[in-house]
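Trainee: Structure in structure tokens, see below.
All of the numbers you see were taken from the coordinates with simple rules; none came from a lab. Predicted, not measured: the structure shown is a model, and the values here were computed from it. Reconstructed Cβ throughout: ideal geometry from the backbone, glycine too, with neighbour counts over all protein chains shown.
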Amino acid sequence: MVWTTKCTEGPPRPDGEQSTNPRDMAAPRLVTIDAAAAALSITPEALRARCRRNARREGRDVAARLGGGVVAYKLGASWRVQIPQ
């Protein structure tokens, strides 16, 4: 006897409903301080200073919540910034 499995997708989701499958969820896009500063119309030095002032430990990570959904994460010696769309 041969066992086979058939991969099938469920019925299509209605428009506007998002998948709960972790593989379908996009990872947040992190950009460098220079790119984030250009997008936020401030200098990179000013953005680094705001990150240092607002840095808080969250478990093992360090994050700086800068307002308006902008969050900076400390990765080693550098910062990466997540800017909402």
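Trainee: Would you list the P(r) distribution for the stretch 30-82, with all Cα-Cα distances sorted into 10 Å bins from 0 and each bin expressed as a whole %?
Mentor: Histogramming the stretch 30-82 at 10 Å steps yields 27, 63, 10, 0 percent.
Trainee: Which length gain, in nm to one decimal place, applies between R65 and A49 when the Cα-Cα distance is subtracted from 0.36 nm times their residue separation?
Mentor: Roughly 4.5 nm would be gained on extension.
Trainee: Next question, about the same structure. Around L30, with a cut-off of 12 angstrom between Cβ atoms, what is the net charge of the other residues, counting Lys and Arg +1 and Asp and Glu -1?
Mentor: Values: positive: R29, K74, R80; negative: none.
Around L30, the surrounding residues sum to +3.
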